[in-house]
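**Student:** Let me begin by handing over the structure; questions about it come next.
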Amino acid sequence: MHVFLLRHGESTSDIEDRYGGDYDDHLTPKGLAEARELAEKLTDKGIEVIYSSPRIRAKETADILKERLECKMEINSDLRERNAYGVMTGMVKAEAKEKYPEMAEAVKFYGNTIEGAESYEGFTERVRRVFEELTSSQHETIAVLTHGGPIRCFFREVVKLGELKSLGDCAVFELEKNGSGYKVVKIEGAVKASS
């Protein structure tokens, strides 16, 4: 199976410097343009279905792709971003750091779980499960549209390729799934950290 793993376009929490995570926000005008550009890149790739996170920024990106690629789209709640920020979710980072300095420090490391947040272990299990489920379908080529957290977790915990140094808006990871393994064919819009 051929898999295009995609990140959504720029969202309002990006430019407002908020703790995003489970926060529901829209694409910015730049994010909408990035999604249209991504749709053009994916034309003629044979994508049969787009599986999307239910978060607005992901759905808005997926809607643009669906229209351009003329394929099906399905929402899958397990593709949502991790709620890593608990009570700080949606807060401007400077304000959160002032109000919750210990928690703001703790969330700098992905493995920490603060009060009210989804545990990293539970999140990892969810990411593993959803990718196994989606890549077990009868389709030959699919797109999976999600967020930075699930993509980083997938590379760290499933593909075992370590950390991504950077991950841009509308980044594209082209993968081949053979049996239970994944082979990375191409990465666009992201940089793997040197080992």
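**Student:** Restricting to the range 55-102, what's the tally of residues that are among the polar types (S, T, N, Q) and farther than 17 Å from residue 130 by Cβ?
**Tutor:** 2
**Student:** Quick test of your reading of the structure: residue 63 fulfils all but one of (1) crowded, with 19+ Cβ neighbours inside 10 Å; (2) without any contact (Cβ under 8 Å) to a residue 12 or more places away in the chain. Name the failing condition by number.
**Tutor:** (1)
**Student:** Sticking with this one: Show me the helices (runs of 4 or more DSSP H) entirely contained within the range 90-189 in which 2 or more residues are within 26 Å of residue 75 (Cβ to Cβ), under 15 Å from the mean Cα position of the chain (by Cα) and not hydroxyl-bearing (Ser, Thr, Tyr).
**Tutor:** Because the criterion is at least 2 residues that are within 26 Å of residue 75 (Cβ to Cβ), under 15 Å from the mean Cα position of the chain (by Cα) and not hydroxyl-bearing (Ser, Thr, Tyr), the helices (runs of 4 or more DSSP H) in the range 90-189 that meet it are 120-134, 148-153.
**Student:** State all residues of the range 59-87 that are part of a helix (DSSP H, G or I), within 30 Å of residue 98 (Cα to Cα) and aliphatic (A, V, I, L, M); if no residue qualifies, say none.
**Tutor:** Within the range 59-87, just 87 meets the criteria.
**Student:** Residues in the range 7-57 that are closer than 16 Å to residue 173 by Cα, in contact with a Gly (Cβ under 6 Å, 6 or more places away or on another chain) and of a type in the set (Gly, Ala, Ser): how many?
**Tutor:** 2
**Student:** While we're here: Pick from 32, 27, 42: which is surrounded by 22 or more Cβ atoms within 10 Å (Cβ to Cβ) and at pLDDT 95 or above?
**Tutor:** 27
**Student:** Return a yes/no flag: does the range 146-154 have any residue that is touching a residue at least 12 places away in the same chain (Cβ under 8 Å), touching a Ser or Thr at 6+ places or on another chain (Cβ under 8 Å), among the polar types (S, T, N, Q) and buried (at least 16 other Cβ atoms within 10 Å of the Cβ).
**Tutor:** Scanning the range 146-154, I find at least one residue that is touching a residue at least 12 places away in the same chain (Cβ under 8 Å), touching a Ser or Thr at 6+ places or on another chain (Cβ under 8 Å), among the polar types (S, T, N, Q) and buried (at least 16 other Cβ atoms within 10 Å of the Cβ), so the answer is yes.
**Student:** In the range 1-18, what residues are at pLDDT 95 or above, surrounded by 19 or more Cβ atoms within 10 Å (Cβ to Cβ) and not in a strand (DSSP E or B)?
**Tutor:** Once the filter is applied, which keeps residues that are at pLDDT 95 or above, surrounded by 19 or more Cβ atoms within 10 Å (Cβ to Cβ) and not in a strand (DSSP E or B), the range 1-18 yields 8, 9, 10.
**Student:** Name every residue in the range 83-129 that is among the polar types (S, T, N, Q) and touching a residue at least 60 places away in the same chain (Cβ under 8 Å), in order of residue number. Steps first, answer last, please.
**Tutor:** Start the filter on the range 83-129 by keeping residues that are among the polar types (S, T, N, Q), which leaves 83, 89, 112-113, 119, 124.
Correct list: 83, 89.
The values are calculated or read from the model by the stated rules, or taken from the named source; none is laboratory data. All values reported here derive from a predicted model rather than from experimental measurement. FYI the Cβ positions are ideal-geometry reconstructions off the backbone, even for glycines, and counts take in every protein chain you see.
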